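Colleague: Take this structure, written in structure tokens, and hold onto it; I'll ask about it next.
The values are calculated or read from the model by the stated rules, or taken from the named source; none is laboratory data. Nothing here was measured: the structure is a model prediction, and the numbers come from that model. Here the Cβ positions follow ideal geometry from the backbone for every residue, glycine too, while neighbour counts run over all protein chains shown. What goes into the accessible areas is simple: the full protein's heavy atoms, side chains included, and nothing from ligands, DNA or RNA. Shrake-Rupley method; radii C 1.70, N 1.55, O 1.52, S 1.80 Å.
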Amino acid sequence: MPVSMELIDPFEVKGCNNRFAAKLRGVDLSLSIDIPTFDRIHQLWMKHPVLVFPDQTITDIQQIAFAKHFGDLEVHPSLAHRADDYPEIYRVSNVDKADRIMEPESSDWQYLELTWLWHTDSSFRPVPSMASILHGIEIPPVGGDTLFADLTAAYEALPSHDRALVQKLRVVHDHEAILAKSKGLTERDDKGVYEHLPPVTHPLVRRHPITGRRSLFLSPHTMDKVEGMQASEGRELLNGLIAHASEDRFVYRHIWKANDVLMWDNRCTMHAVMPYDSINHRRVMHRTTIVGEGPPTD
Ligand code: OGA
Ligand code: MN
């Protein structure tokens, strides 16, 4: 294992905390990593919630082995998007298991297209995920960038009376709410096969268990309503926070190269995929998702 790992060129993130995303070279994720190397990566990741590891030609098994250093792995509730060989691999891909581009009318594609909306992974679970690790395998020539919003910076930029207000609130998150955001899925009976997931509530402000910093907990695709508020009033509040947190000043845009591996902290970020020509171009990404350490708390 090379020990010359160094942090290079932290990305410029327009107008905000430019330490939010950073690129890390000098580590080969296809090899097993020792404890000091893991500790170094973890330390860097606590400073830079979106870490980019370029030029990683890794197999699914190697990706799983790397991810397991951080904790147990989730298995995604959508059966169609799980890899058959390795259920811990979530296929964020417009290509089906038979290696054909998905029909735009298929429920499998319509579900995946919902990654184009802002969200945080697994916010529909009682214990949402800690982190996601995504390996870009095939990248379309245009589009398909991934946006990441810094929810710590967004929280800290709120006026203090708004911070005091949102800190008291809890939000109902529901996997069914994801499906309802797709016009195609709403109109059809065969919505895909998912494990049953009852609604859960989470605080609107959470404290990061390691850094101790507070952030907004936003996952627009699963957020259904604010507890104790009229539906319209709660929606207006959430929409205002989503618009605030997705302002350019809080966002890093990742333009993918094949064999980039990205690791992001779901406890303090949200993300969205930019549209691309999903009918004519393949976009194949494999994700591993790390189980969170417990329910989010403030
Ligand atoms: C994900 C996701 C990001 C991407 O993997 O969780 O939302 O770039 N996709 O495909
Ligand atoms: Mn996601």
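Colleague: Of the residues in region 38-96, how many are among the basic types (Lys, Arg) and assigned to a helix (DSSP H, G or I)?
Modeller: Counting residues in region 38-96 that are among the basic types (Lys, Arg) and assigned to a helix (DSSP H, G or I) gives 2.
Colleague: Of the residues GLY228, GLY184, GLY294, GLY192, only one is of a type outside the set (A, V, I, L, M) and either within 15 Å of ligand 2 (Cβ to nearest atom) or in a helix (DSSP H, G or I) (or both); which?
Modeller: GLY184
Colleague: If you don't mind, another one. Can you pull out the residues in region 259-291 that are outside any strand (DSSP E or B) and within 13 Å of ligand 1 (Cβ to nearest atom)?
Modeller: Scanning region 259-291 gives ASP260, ASN266, MET274, PRO275, SER278, ARG282, ARG283.
Colleague: Say we look at region 185-211 and pick out the residues that are touching a Leu at 6+ places or on another chain (Cβ under 9 Å) and not β-branched (Val, Ile, Thr); which of these is surrounded by the most Cβ atoms within 10 Å (Cβ to Cβ)?
Modeller: By that ranking, first place goes to LEU204.
Colleague: Anything in region 70-116 that is away from ligand 2 (no atom under 14 Å from the Cβ) and of a type in the set (Lys, Arg)? List them, or say none.
Modeller: Residues satisfying the conditions are ARG82, LYS97, ARG100.
Colleague: Could you count how many residues in region 117-128 are surrounded by fewer than 22 Cβ atoms within 10 Å (Cβ to Cβ) and within 10 Å of ligand 2 (Cβ to nearest atom)?
Modeller: The qualifying residues number 2.
Colleague: Inspect all residues belonging to region 147-154 and state whether any of them is of a type outside the set (Gly, Ala, Ser), under 15 Å from the mean Cα position of the chain (by Cα) and surrounded by fewer than 21 Cβ atoms within 10 Å (Cβ to Cβ).
Modeller: Yes: one or more hits.
Colleague: Something else: If you check PRO159 against the conditions, is it in contact (Cβ under 8 Å) with a residue 12 or more places away in the chain, of a type outside the set (Lys, Arg) and open to solvent by 50 Å² or more (accessible area, probe 1.4 Å)?
Modeller: Taking the combined requirement at face value, the residue does not satisfy it.
Colleague: Is at least one residue of region 150-173 within 11 Å of ligand 1 (Cβ to nearest atom) and within 20 Å of PRO220 (Cβ to Cβ)?
Modeller: No; the residues of region 150-173 include none that is within 11 Å of ligand 1 (Cβ to nearest atom) and within 20 Å of PRO220 (Cβ to Cβ).
Colleague: Then there is this: Which number in (1) more than 16 Å from ligand 1 (Cβ to nearest atom); (2) touching a strand residue (DSSP E or B) at 6+ places or on another chain (Cβ under 6 Å); (3) modelled with pLDDT of 95 or more; (4) outside any helix (DSSP H, G or I) marks the one condition that GLY234 misses?
Modeller: Condition not satisfied by GLY234: (4).
Colleague: Now for a separate question. If the requirement is being acidic (Asp, Glu) and closer than 24 Å to ALA245 by Cβ, which of these qualifies: GLU113, GLU105?
Modeller: GLU113
Colleague: Could you check region 138-149 and list, in sequence order, the residues that are within 16 Å of ligand 2 (Cβ to nearest atom) and either in a strand (DSSP E or B) or among the β-branched types (Val, Ile, Thr) (or both)?
Modeller: Scanning region 138-149 gives THR146, LEU147, PHE148, ALA149.
Colleague: Could you identify the single residue in ALA131, ALA153, ALA177 that is away from ligand 2 (no atom under 12 Å from the Cβ) and under 22 Å from VAL92 (Cα atoms)?
Modeller: ALA177
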